[in-house]
Amino acid sequence: MIIIRAKYLISTPGSCIENGAVAVTGAKIHRVGLWCEMSAIPGVEKVIDLGNAVIMPGLINTHTHLDLSNLHNRIKPTSNFTHWVFQVIGARMRWNDEDYVSSIEKGAKLSIESGVTTVADISNTGHAFSVLKKSPLRKVVYKEIIGLKSEQAADIMKKLKEEIPQIKTDELLSVGLSPHAPYSVSRELYQAVCGFAGESRLPVCTHLAETLDEIEFLTKGTGIFPAFLRQIRALPEGWKPPETTPIRYLNEMGVINNRTLLIHCNYVSDEEIALIQSSGASVAFCPRSHRFFGHTNHPVHRFLDAGVNVGIGTDSLASNDSLSVLDELKYLSAIHTISPQTLISMATVNGAKAIGLESQVGQLREGFEADICGVGLPEQLAEASTASGNEPVYQRLFSPASKNIFTMVAGIVCYNAAT
Ligand SMILES: [Zn+2]
């Protein structure tokens, strides 16, 4: 048995205690509580003391593309989404297998160092299944599916149904399906993928309502998307818009349900938020990627007020500075009036629910998987704090100087900068 102790322990978002500890046996959490009550447990082999730090549930990244990690600092911020896609296509033009492998390995390493213990990763090329299988991270790898030409749907599905059963899942690796977005996937393909996902009990995620251009394309068939899709030879002859918004379009198809993770949802009406809430679907909010693309006023407050399950995603290093969910929380804490407890919920329990792992991870509870991070705190805040109770701990947790120093996944220490 290993015991991890620190000055503070946040086992669930609203519970912060001083001098806390977590006892771990094998891959599971054995006990959570005060260090003084735990120090006498028999059979303890090792005590890891993180010192002036907060022990927390491992952070969950509900949306990323680790295969783009080598594009860090190579893509210019833009509010034109199609310009971003062209930059990515251009930058990866000469990539070979090793480039994809090293990109995913880099992303996994950075994630672990930042306190992320679970990633919901989208795999464009399929490399992530074998590369991440070797990583100690917990992961749901979603196979990306693209095809706006409806006549391609049958062939794509045939290949998909051959590929998916070949993937060797394990305790840390599960598989999902990601039809890319309503401007890149036909109605026929969406329905076939989601039918297959339902039969195979696979989770689904899809990019949705990300840009105003996407809404214009689907409602009117105009804007920047037709020319872009023609240029990459993806627009079918005689394509007609569904003349409805992305969320309504997918809802009419039966794609939105309690196993669906909707990525971004930057532009939504109150009626659409109610629709998502009643479906039980979750939303992946990517705060700094949202800023990178020049979007403002993400409806996160409206989603939270409506009771929608919202998790946090970093998106990829092609539209972000880091793969740290803690960095996302720091950014949100500086610009939004979301409580620290809600921020932690989004990065832990909500994230777990969004990818169907809520009975295993996202909380430090007896019997849960021992997925733990430890965030080192600055000694004191630069400005004198007037907050009381545990509020100063949360403030220090989200201050620029805090830093993840410890990551454990399934009882294995993957990163320890405390020693
Ligand atoms: Zn994405």
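The values are calculated or read from the model by the stated rules, or taken from the named source; none is laboratory data. None of these values were measured; they are calculated from a predicted model. As a convention, Cβ positions derive from the backbone with ideal geometry for all residues, glycine included, and neighbour counts pool all protein chains shown.
Annotations for the structure displayed:
- Flag for E214 being charged (D, E, K, R) and under 30 Å from S130 (Cβ atoms): no
- Looking only at the stretch 330-362, and only at residues there that are touching a strand residue (DSSP E or B) at 6+ places or on another chain (Cβ under 7 Å) and of a type in the set (S, T, N, Q), the one that is farthest from the ligand (Cβ to nearest atom): Q360
- Within the stretch 254-329, helices (runs of 4 or more DSSP H) holding 3 or more residues that are more than 16 Å from the ligand (Cβ to nearest atom), under 19 Å from the mean Cα position of the chain (by Cα) and of a type outside the set (S, T, Y): 300-305
- Residue within the stretch 182-191 that is in contact with a strand residue (DSSP E or B) (Cβ under 8 Å, 6 or more places away or on another chain), within 27 Å of Q360 (Cα to Cα) and at pLDDT 95 or above present: no
- Residues that are buried (at least 19 other Cβ atoms within 10 Å of the Cβ), farther than 24 Å from L189 by Cβ and touching a residue at least 24 places away in the same chain (Cβ under 8 Å) are absent from the stretch 76-98 altogether.
- Tally, over the stretch 59-75, of residues that are of a type outside the set (S, T, N, Q), part of a loop (DSSP other than H, G, I, E, B) and away from the ligand (no atom under 12 Å from the Cβ): 3
- Per the listing V308, V300, the residue uniquely at pLDDT 95 or above, of a type in the set (A, V, I, L, M, F, W, C) and surrounded by fewer than 24 Cβ atoms within 10 Å (Cβ to Cβ) is V300.
Here's the yes/no breakdown for (1) closer than 29 Å to H30 by Cα; (2) surrounded by 21 or more Cβ atoms within 10 Å (Cβ to Cβ); (3) at pLDDT 95 or above:
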residue: N320; (1), (2), (3): no, yes, yes
residue: L323; (1), (2), (3): no, yes, yes
residue: L329; (1), (2), (3): yes, yes, yes
residue: L332; (1), (2), (3): no, yes, yes
residue: L343; (1), (2), (3): yes, yes, yes
residue: A347; (1), (2), (3): yes, yes, yes
residue: V361; (1), (2), (3): yes, yes, yes
residue: E366; (1), (2), (3): yes, no, yes
residue: A370; (1), (2), (3): yes, yes, yes
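- Answer from R230, R288 - the residue that is at negative phi, free of Cβ contacts under 8 Å to residues at least 60 places away in the same chain and in contact with a helix residue (DSSP H, G or I) (Cβ under 9 Å, 6 or more places away or on another chain): R288
- Selection status of A334, closer than 27 Å to D67 by Cβ and either part of a helix (DSSP H, G or I) or assigned by TED's automatic domain parsing to the domain that holds V140 (or both): no
- Consider the stretch 236-253 and keep the residues that are assigned to a helix (DSSP H, G or I) and surrounded by fewer than 16 Cβ atoms within 10 Å (Cβ to Cβ). The one that is nearest to the ligand (Cβ to nearest atom) is M253.
- T348 in contact (Cβ under 8 Å) with a residue 40 or more places away in the chain, polar (S, T, N, Q) and outside the structural domain of G51 (by TED's automatic domain parsing): yes
- Residue in the stretch 72-80 that is hydrophobic (A, V, I, L, M, F, W, C), more than 14 Å from D315 (Cα to Cα), in the same structural domain as G176 (by TED's automatic domain parsing) and in contact with a Phe, Trp or Tyr (Cβ under 7 Å, 6 or more places away or on another chain) present: no
- The set of residues in the stretch 16-68 that are out of contact with any Phe, Trp or Tyr (no Cβ under 9 Å at 6 or more places or on another chain), surrounded by fewer than 23 Cβ atoms within 10 Å (Cβ to Cβ) and among the polar types (S, T, N, Q) comprises T25, S39.
- Count - residues of the stretch 189-214 that are more than 24 Å from I156 (Cα to Cα) and surrounded by fewer than 21 Cβ atoms within 10 Å (Cβ to Cβ): 2
- Helices (runs of 4 or more DSSP H) (entirely within the stretch 119-235) containing at least 1 residues that are of a type in the set (G, A, S) and more than 15 Å from the ligand (Cβ to nearest atom): 127-133, 153-163, 187-200, 225-231
- Unmet criterion (only one of (1) at pLDDT below 95; (2) assigned to a loop (DSSP other than H, G, I, E, B); (3) in contact with a strand residue (DSSP E or B) (Cβ under 9 Å, 6 or more places away or on another chain)) for R396: (2)
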